[in-house]
Structure formats: C-alpha cells, structure tokens
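Below is one structure, written out as structure tokens, with a few remarks after it.
The values are calculated or read from the model by the stated rules, or taken from the named source; none is laboratory data. What you see is a predicted model; the values in this text were computed from it and never measured. Here the Cβ positions follow ideal geometry from the backbone for every residue, glycine too, while neighbour counts run over all protein chains shown.
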Amino acid sequence: MKPVLFQIMAFCVLVFTGCKQAEEQKVPSSNGDCSVYIEHVDKLERQLLEGERNADKLEDVIYHLTQNYIAIDQKIRLIQKYKDDGSQAKLLDRTATEINRFFEESQLLLDSTETEIQKSTIPQSSMIPIIETVRSYLTHQERLFIEVYGSIGTIQKQVTKLKQTVAAKEKEISKKQKDTEKILEEKDKQNRKIFYLVGSRSDLERAKAIKKSGGFLGVGSTVKLSDRLDEMFFQSGDYKFMKEIALGNTKKVNLITTHPKGTYLIIDTPGERFLKITNPEKFWSTSTFLVVQVD
C-alpha cells in the first residue's frame, strides 16, 4: 500500500515542477498544456487522500479484528478447558454464544471494508490481499470452534437427555411418594376419626344411643349404652384437633361410654360447660364413640 501512495505523490511533484519551469521560461511544454496535467494532479491528489483514508480505516479494522480474534482464542481455550466438566454446561453455552457474536461482528466488518475498498478509485492490489489474509484466519478460527464445540454439543445433548430422563424418573418417584403419603395420611385420618353425641336422655334414646336395662315397667331401670350405635346420629371429628366438646348449660354430666380416668376434665365456665380431653389417644383408645348425657 505505501509504495502505491509514494508513486502517486512522486508523480504529482514531478508534474507540478515541470509545469512551473515551463511557465518561468515562457516556453511551451513538450508534454502539452499544463492545465491537463494539473487536472490529473488534482485527480491524483484526491486519490491520495482517499488512499490515506482507506489506509486509516483498514488499520482500524485490523486493530478491531485483532481484538476480536484474541477474545475468540481465549474463549475457545476456555471451552477446551471445561469440555469434559458436565457441571459447566451453562458456562460453555454462554461462551459459545459470545464466540458466535464475535464471528458475526468480524464477518460484517470484513464485508463492509472490502465493499468500500472495491468502490475506491485507487489501486486495490495492496489492500485486498490483506483483507483475504484476515478472512482466512477468521475461517480457521471458525473451523477450530466447530471442531471443539461440536463434540461438546453432542455430549451436552446426551447429558441434557440424561437429565431429562432423571428428572422424569424423579417426578414419577415423587408422585408415587406423594400418593403413598396421601394414602397413609388418609388412612391415619380415618384411624383418628371419632364420633360423639351430647344430649338429654330422651335425645339419646331417640338416637338409639342408649337403652333401658332392668326395673319393672320402666321403674328402677338403668341407662346403658346400646349394643349398636348408628353413626348417622353422631357428629364426627379428628381427635388430633378436637380437644374440647361443648356440653351446653347443664348441671349434670354423665359419660355413658367408658373412657380412662385422668384423660379428661369437665370445665365450668359462666353459662356453659366443656369436656376437655387432656390425653386424646388414651381417651379414645377404649372407644371411638363418645356418648354424654346432660340434664
């Protein structure tokens, strides 16, 4: 590139000097009218300025591409370093994306520079080879990247497929575990289900929860728990959460069903009494039914 620019400058100086001497000696120039030469000199000067601008641009392009190539080389080495480390899949994907961006940017820069040079009016023989050399190295880097990352891409697909299989299996196991837990929880809930009925003697008789025993024509008879209790007359609950049962405003409380002593208390409050269960598991161990007579 420099020899071409130097030739243009030398020719301009030579033409200008020849015309100046002819003018001072007042003799016609043997090369024709100096105005013709001056026109050529102007044209060559414009070409010289254009060449300088192209040279400066090409220098900037080469510098920028060099920075890109250095970055690409570093990132390719990073991929080579971690290509066998399955835990670095995200890093490798991100690095590959960055390399592709550098390739695209470099290719666009080369194409635009070559187009501008081809549009130029100055000789291109010194600039085009430089562009071709730079483009050749870019192609070399692309081949290296494909060679290195291509194999990694295959491995990553296998790893991704394996992860998907493992995730699906874990999901299946998790679902089965949840289903099992749900079944066990439901079973446990059923095991904790209790039934209770609070009412007057007549209420309990109508619900067939109690029966009379002994006596004559009802006189002197005692109240006993029925042999068969119908759940439809009872309220249900979970003894794990139900710790108190309201008895209403009553003076007399009689537990018809049998429950261990020391597992409950009768609590008096203004206007209402409660059956407080202090040891639920033991309280309900003898019967899952509770029948309380209040009067």
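Taking only pairs six or more apart or across chains, which ones have beta-carbon atoms under 7 Å, a first residue in the range 62-74 that is touching a residue at least 40 places away in the same chain (Cβ under 8 Å), and a second residue that is among the aliphatic types (A, V, I, L, M)?
Ile62/Val134; His64/Leu109; Leu65/Leu109; Leu65/Val134; Ile72/Ile99
May I ask you to list the residues in the range 271-295 that are surrounded by 12 or more Cβ atoms within 10 Å (Cβ to Cβ) and acidic (Asp, Glu)?
If the condition is that a residue be surrounded by 12 or more Cβ atoms within 10 Å (Cβ to Cβ) and acidic (Asp, Glu), then Glu272 is the only one that fits.
Just for the range 191-224: of the residues that are among the polar types (S, T, N, Q) and at pLDDT 90 or above, which one is surrounded by the most Cβ atoms within 10 Å (Cβ to Cβ)?
Taking the candidates together, the pick is Ser200.
Quick one: which of Asp268, Asp179, Asp227 is part of a loop (DSSP other than H, G, I, E, B) and exposed (fewer than 12 other Cβ atoms within 10 Å of the Cβ)?
Just a single option satisfies the conditions, and that option is Asp227.
Going by what's in this entry, would Glu181 be described as at pLDDT 70 or above, more than 30 Å from Gly248 (Cα to Cα) and more than 25 Å from the chain's Cα centre (by Cα)?
Judged against the criteria, Glu181 is a match.
Conditions first: (1) in a strand (DSSP E or B); (2) touching a strand residue (DSSP E or B) at 6+ places or on another chain (Cβ under 6 Å). Lys212 passes all but one, so which condition is the exception?
That leaves (2) as the condition not met.
Can you tell which of Lys90, Lys157, Lys83 is within 32 Å of the chain's Cα centre (by Cα), surrounded by fewer than 11 Cβ atoms within 10 Å (Cβ to Cβ) and at pLDDT below 75?
Just one listed residue meets the conditions, Lys157.
Would you say Asp33 is over 16 Å from Leu138 (Cα atoms) and at pLDDT below 75?
Criteria met by Asp33.
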